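Data first, discussion second: the structure below is written as structure tokens.
The values are calculated or read from the model by the stated rules, or taken from the named source; none is laboratory data. The shown structure was predicted, so the numbers you read here are calculated from the model rather than taken from an experiment. All Cβ positions, glycine included, derive from the backbone under ideal geometry; neighbour counts span all protein chains shown.
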Amino acid sequence: MPKQKNYEFIDLKYVDLLGKLRHVTFPYTNYETAKTVGIGFDSSSLKGFKQTEKSDMVLIPSHEHTFIDPFYTDPTLSMFAKIYYIDRKTRYEREPRYILEKAIDMVKKELKLDAILFLAELEFYVFSQFEINQSNTKLTVTVESDEKEAALTGSYHSAPPHDLYAEHRNRLVKILKSCGIDVKYHHHEGGEFGQMEIEMTFKDASITADNIIIAKYLIKNYFRSQGKYVTFMPKPIKNRHGSGMHYHHILEKNGHSIFKGPKGELSQIGEYYVSGILSHLAALAALTNPTTNSYKRLTGGFETAKDASIGIADRTSAIRIPGYAKDQMPIEYRVGDATCNPYLALAALLLAGLDGVRNKGKLKKGFVPTSLQEAVNELKKDSTFLTRDKIFTPELIDFWVQNKKRENLEIQHTPHPLEFVYYFDM
């Protein structure tokens, strides 16, 4: 049991298959019962989980990462939960955190690694107003920004007074730190109208995925408490910078990166690993860029990764070797964005890289897809690297493909405002 510090509630957090954060709260005095018996829930109410047959599941507290939730009035200890079948012994095979755990264990064992480390860059916009109205005859979206002068001054690393939220980010970094998340730095990004970046530090892969979920939760809630709205949408504003989520990662053996060669170059195993990611790039994108909006960013310029290549300090390559840390030779995956489920995204990246190592780099070069439809079609054709070792199940892949096709079709069949601009008076 976590040490008593006058907590009144426990907040159990977990992530559904699509990456949406869920939670259930109970009195602190019930913790021991929850740990032993679990908290029952209906998984059929969550898209992608078990449907009506055998849909009863239990949440078991996992106290490896606990923090005091700063957005509750009553003292509340927050932690993640593991998802089990009703027998309380068998983990649910579609639980995103479990999928990543299995991928980490297998890659570590096969490559004889000590550690798998990831660093995530979170980019997002802060708006002063957000309103959406939707019906059969009405669909309007309004976003407003307090930052209206940044366009005149250049936005990347812009300083106050144009960077209106610098002090807010300082406060936010303190909140993140209090919740166990270390920040490397923060700054104004290239998009005027309030685009920010917070870059975290290297942590074990599972901790990084947890930290992404927690950080998004804290960022959204902090700015909402200030009367602002945060979006991690990849492309919320036309002809402006999109928001990605770049992953830097390092695989360590005996305390050293296996990506660094003897002369400071990318090692042979690093080349193999990168070849796997580049080969499976289009299928990977269905998991790392799982929305139609994702591809508006990828095809919209502004230093987005559009080439299925590796580059040294090249921001248009899907894989970049950053110039800042050649001693470790981290690999930066620049395609992804924060609409993904980070557990599935990191697991898929590791498995793609492992497939490249297994095949000694003898894989056909892939491509960066230009639409969600193209990405899920590629995932349907190219998923063996995910399912071969039973990390992902074929049923999960099938659900993902069908669900994303439905999303794409619904958006495709909805009249776009620009169609009224061009065609209403024809």
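Things worth noting here:
- Single residue of VAL24, VAL15 found to be among the β-branched types (Val, Ile, Thr) and over 20 Å from ILE181 (Cα atoms): VAL24
- Subset tally (residues that are within 21 Å of SER243 (Cα to Cα) and assigned to a loop (DSSP other than H, G, I, E, B)) for the range 345-395: 5
- Helices (runs of 4 or more DSSP H) lying entirely in the range 193-305 (those with 2 or more residues that are closer than 30 Å to LEU12 by Cα and assigned by TED's automatic domain parsing to the domain that holds LYS380): 205-225, 281-288
- Being modelled with pLDDT of 95 or more and of a type in the set (Gly, Ala, Ser) is a condition met by at least one residue of the range 218-232.
- Qualifying residue in the range 82-91 (condition: outside the structural domain of LEU351 (by TED's automatic domain parsing), assigned to a helix (DSSP H, G or I) and either acidic (Asp, Glu) or touching a Cys at 6+ places or on another chain (Cβ under 8 Å) (or both)): no
- Residues of the range 92-132 classified as touching a residue at least 24 places away in the same chain (Cβ under 8 Å) and in a helix (DSSP H, G or I), total: 12
- Residue in the range 301-317 that is modelled with pLDDT of 95 or more, under 21 Å from LEU350 (Cβ atoms) and not basic (Lys, Arg) present: no
- Per-region count, the range 181-192, residues touching a Gly at 6+ places or on another chain (Cβ under 9 Å) and not in a loop (DSSP other than H, G, I, E, B): 1
- Restricting attention to the range 177-186 and to residues that are touching a Lys or Arg at 6+ places or on another chain (Cβ under 8 Å) and of a type outside the set (Val, Ile, Thr), the residue that is surrounded by the fewest Cβ atoms within 10 Å (Cβ to Cβ) turns out to be ASP182.
- Selection count, the range 46-64, where residues are part of a strand (DSSP E or B) and either at pLDDT 90 or above or closer than 18 Å to VAL24 by Cβ (or both): 8
- Condition met for LEU17 (closer than 26 Å to ASP337 by Cα and at pLDDT 95 or above): yes
- Exclusive hit being under 19 Å from ILE212 (Cβ atoms), touching a residue at least 24 places away in the same chain (Cβ under 8 Å) and surrounded by fewer than 18 Cβ atoms within 10 Å (Cβ to Cβ), set PRO75, PRO70: PRO70
- Top-ranked residue in the range 355-399 [being small (Gly, Ala, Ser) and crowded, with 20+ Cβ neighbours inside 10 Å; ranked as nearest to ASN293 (Cα to Cα)]: ALA375
- The residues of the range 2-45 that are over 30 Å from ALA286 (Cα atoms), in contact (Cβ under 8 Å) with a residue 40 or more places away in the chain and in a loop (DSSP other than H, G, I, E, B), listed by number, are PRO2, LYS5, ASN6, TYR7, GLU8, GLY38.
One line per residue, one yes/no per condition, for (1) touching a residue at least 40 places away in the same chain (Cβ under 8 Å); (2) surrounded by 22 or more Cβ atoms within 10 Å (Cβ to Cβ); (3) in contact with a Pro (Cβ under 6 Å, 6 or more places away or on another chain); (4) not hydrophobic (A, V, I, L, M, F, W, C):
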residue: ILE175; (1), (2), (3), (4): yes, no, yes, no
residue: VAL230; (1), (2), (3), (4): yes, no, no, no
residue: LYS263; (1), (2), (3), (4): no, no, no, yes
residue: SER267; (1), (2), (3), (4): yes, no, no, yes
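- One residue stands out among those in the range 322-344 that are of a type in the set (A, V, I, L, M, F, W, C), at pLDDT 90 or above and over 13 Å from GLY244 (Cα atoms): the one that is surrounded by the most Cβ atoms within 10 Å (Cβ to Cβ), which is LEU344.
- Answer residue from the range 115-148, given it is over 25 Å from LYS216 (Cβ atoms) and surrounded by 13 or more Cβ atoms within 10 Å (Cβ to Cβ) and is modelled with the highest pLDDT among those: LEU139
- Subset tally (residues that are of a type in the set (Ser, Thr, Tyr) and farther than 21 Å from MET106 by Cα) for the range 334-363: 1
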